[in-house]
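Asks: What follows is a single structure, and I will ask about it in a moment.
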Amino acid sequence: MHKEKKIERPKLIIGLVIDQMRWDFLYRYYDHYGNGGFKRLMHHGYNCQHTMIDYLPANTGPGHTCIYTGSVPSIHGIAGNDFYDVIDRRSRYCVADSTVHQVDDSNNGPSFSPRNLLATTVTDELKLATNMRSKVFGIAIKDRGGILPAGHLANAAYWYNDKKGTFTTSTYYADRSPEWLKAFNNRKVADSFTKQNWNLLYPEKDYYQSTQDAVSNYEKGFPGEKTPSFPHITDTLADTDRHSILKSMPQGNDMTLAMAKACIEGEQLGQRGESDFLCVSLSSTDYLGHQFGPNSMETEDMYLRLDQSIAAFLNYLDNAIGKGQYLLFLTADHGVAHNANFLLDNDVPAGIPSPYTLGNLNDYLAGIYKQNKIVDTILNYQLYLNKPLIATANLDIEKIKGSIRDWCNKKPQATSIAYVVDMEHMDRSPLPEPIYTLVVNGYNRLRSGDMEIIMNPGWYDYGGKQTGTTHGTWNPYDTHIPLIWYGWHVPKGETDATVHMTDIAPTVAALLHIQMPNGCIGKVIPFEQNENNNKSRD
Ligand SMILES: [Zn+2]
């Protein structure tokens, strides 16, 4: 075998997913970013400025899955963080698996695996392409953020145990933790991070992109806090509280990146003469964002600190793997809405409906059809009909759908609803693009509801909560995500062409000369040489 004929691949591929990072956060806080973090990627990598999510719901499980499968819930099956199994008639968490257990845990309760995922990931395809010689790992605070990217053939996925302040895995991957993970956990990184407390990185006046801290009505503080404002004191809290709050602190990102380094070193990733793949997902941006919203000083401060953490991580990769020897892409699993009350206070249409109470809907239907519980559940804005009951009682399903439409047209729910879509009869719902495509792509026959509610812009269902915010809808704030390529064989440049989240996996596959994932519907993004390539904005 001639060495020079060996296929060229990067030593290490890093997928860096920043949970809930909306595209505009690259620019919203741009003035205060340093040159080594986000700006290094933006100016020296290839920036796909208009990357859109092409399915519903825009949530964490489906997002991480789409990035790595190039596919959509209708095919890959991860139809929500939780979805309802239409045949078993029960709700399922996207990575729940009762056949596996947490390793090194005396309770040994059920744990997590990728078994609900119906398609391969690009990480699976790398393993298949190298006859399993490549190593693949997934790391995140959230189990689903580590598991779904790393795929079925992963060496392991690791996630955070907030009761113990350690990283763990399940027996799906191995019966025991590797020695390097035990050593990492023994360092008690979570403890040392929460003993630092959280204060602003810069003087308060510099946070002019955010609502004033102590006067905000749109935020909810950490447990035990009188006001949701700086400084957030965590060093005096009980261990279990600190370990849990760490998920929502900037230090949660640092702990995850420290774990990524421990994995690179423990497994010799990128240093074994094979292409390895490390999927890193930063969950703290999402935990914090839900609690404080995108107009908070907390979110601004977290991104300014994350910018520094990314800079340090890139420097680490330069040294450990080598400049130009690794391929990195940065993206997000979804964006986020503004807090609706913040918009309302500023005369922008928005709202938080009282939750779509199943009880009210079922009472309404019972009044017409003399049957209780005609709707099984409402999840991800989708209504799941109780088909066995409808069949036994000999009811007309089309009439029921009409009645549900009538209920949606009554106040108070009518105020917040733009469309009610009949999933099996899309032609009856005159949806404009891109909503039509997003609904079709999100509809999994056995895991999605029979009807889907599309909210008015600015509205979201967040269990009636008034503070914080959420995501999940088709609107650009939830579906426009950052996507930047950096490193091995990536030219400097940017494109304004619209690309989709489903295009990420086939583009990785093309760069590596491996097969696209088996449910992939995306297209390879061409790295075009254009005038933007010469734009210097350093
Ligand atoms: Zn979220």
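Every read-out reported here was derived from the displayed coordinates using simple, explicitly stated rules and does not represent laboratory data. Since this is a predicted model, take the numbers as computed values, not measurements. Cβ coordinates were reconstructed from backbone atoms using ideal geometry, including for glycine residues, and neighbour counts include every protein chain displayed.
Asks: Which angle between 0 and 90 degrees, to the nearest 10, do you get for helix 297-320 versus the longest principal axis of the chain when only C-alpha atoms count?
Replies: The answer is roughly 40 degrees.
Asks: Shifting gears a bit: Using r as the Cβ-Cβ distance of Arg272 and Arg187, and R0 as 25 Å, what FRET efficiency do you calculate, to the nearest 0.05?
Replies: Computed FRET efficiency for Arg272 and Arg187 comes out at 0.55.
Asks: Further question on the same structure: What residue among Tyr364, Met455, Thr415 has its Cα farthest toward the positive end of the dipole of region 358-455, where the charges are +1 on Lys, Arg and -1 on Asp, Glu, each on the Cβ?
Replies: Ranked along the dipole, the leading option is Tyr364.
Asks: Now for a different question. Normalised by the residues of region 297-379, what does the relative contact order come to in percent, with Cα pairs under 8 Å and at least six apart?
Replies: About 12 percent, as a whole number.
Asks: What is the chain's relative contact order, in percent, from Cα pairs under 8 angstrom and six or more apart in sequence?
Replies: 29 percent
Asks: Determine which residues of region 241-281 fall in the zone a paramagnetic label at Glu8 would reach in this model, i.e. backbone nitrogen under 13 Å from the point 7 Å along Cα→Cβ.
Replies: none
Asks: To the nearest 10 degrees, how steeply does helix 60-69 sit against the main Cα axis of the chain, on a 0 to 90 scale?
Replies: 60 degrees
Asks: Considering Cα pairs under 8 angstrom that are at least six residues apart, work out the relative contact order of region 313-463 and quote it in whole percent.
Replies: Result for region 313-463 is 28 percent.
Asks: Provide the net charge surrounding Gly522, with neighbours chosen by a C-beta distance below 15 Å and charges set as Lys +1, Arg +1, Asp -1, Glu -1. Before the final figure, lay out the partial values.
Replies: Numbers: positive: Lys523; negative: Asp54, Glu125, Asp503.
Around Gly522, the surrounding residues sum to -2.
Asks: Going by how many other beta carbons lie within 10 Å of each one, how would you line up Ile87, Ile378, fewest first?
Replies: Ile87, Ile378
Asks: Give me the lysines in straight-line cross-link reach of Lys387: C-alpha distance below 18 Å, same-chain residues under 8 apart excluded.
Replies: Answer for Lys387, where 18 Å is the Cα cut-off: Lys370, Lys373, Lys399, Lys401, listed by chain and number.
Asks: Report the FRET efficiency, 1/(1 + (r/R0)^6), for Thr392 and Ser91, where r is their Cβ-Cβ distance and R0 is 25 Å, rounded to 0.05.
Replies: 0.70
Asks: On to the next question. Projecting each Cα onto the charge dipole of region 8-153 (Lys/Arg +1, Asp/Glu -1 at the beta carbon, about the Cα centre), which of His152, Asn59, Asn35 comes out farthest on the positive side?
Replies: Asn35
Asks: Which angle from 0 to 90°, rounded to the nearest 10, does the C-alpha axis of helix 358-369 make with the longest principal axis of the chain?
Replies: It works out to around 30 degrees.
Asks: Once the dipole of the chain is set up with Lys and Arg at +1 and Asp and Glu at -1 on Cβ about the Cα centre, which of Leu257, Gly289, Asn197 lies farthest towards its positive end?
Replies: Leu257
Asks: Once you have a ≥ b ≥ c as the square roots of the Cα gyration tensor eigenvalues for region 374-455, tell me rounded if a/c is under 1.5, and otherwise prolate or oblate according to whether a/b is larger than b/c.
Replies: On the way: a/c = 1.79, a/b = 1.27, b/c = 1.40.
Oblate, since a/c reaches 1.5 and b/c is not below a/b.
Asks: Using DSSP to call loops (not H, G, I, E or B), can you name the trypsin sites (Lys or Arg not before Pro) in region 99-157 whose Cβ has at most 15 other Cβ atoms within 10 angstrom?
Replies: Those satisfying the criteria are Arg115, Arg133.
Asks: Based on alpha-carbon centroids, what's the gap between region 237-283 and region 351-411 in Å, whole number please?
Replies: 44 Å
Asks: Dipole size in debye (nearest 20) for the chain around its Cα centre, Lys and Arg Cβ +1, Asp and Glu Cβ -1? Write down the numbers at each step before the final one.
Replies: Details: 50 positive and 60 negative charges, 209 e Å.
It works out to roughly 1000 debye.
Asks: Is region 308-402 rounded, prolate or oblate when judged by the Cα gyration tensor, a ≥ b ≥ c being the square roots of its eigenvalues, rounded requiring a/c under 1.5 and prolate requiring a/b larger than b/c?
Replies: oblate
Asks: What lysines sit close enough to Lys523 to cross-link, taking a C-alpha to C-alpha distance under 29 Å and skipping anything fewer than 8 places away on the same chain?
Replies: Candidates past the 8-residue exclusion: Lys5, Lys6, Lys11, Lys39, Lys127, Lys135, Lys142, Lys323, Lys492, Lys535.
Asks: If I model a spin label as a point 7 Å beyond the Cα along the Cα-Cβ vector, how far apart are those points for Lys323 and Asp406 in nm?
Replies: 7.1 nm
Asks: Label point 7 Å out from Asp82 along Cα-to-Cβ: which residues of region 50-65 have amide N under 20 Å?
Replies: Of the residues in region 50-65, 56-65 have backbone N under 20 Å from the label point off Asp82.
Asks: Provide the gained length on full extension for the span Thr227 to Leu201, in nm with one decimal, where the gain is 0.36 nm per separating residue minus the Cα-Cα distance.
Replies: 7.4 nm
Asks: Rank these for me by crowding, Thr299, Thr392, going from fewest to most other beta carbons within 10 Å.
Replies: The fewest-first ordering by Cβ neighbours comes to Thr392, Thr299.
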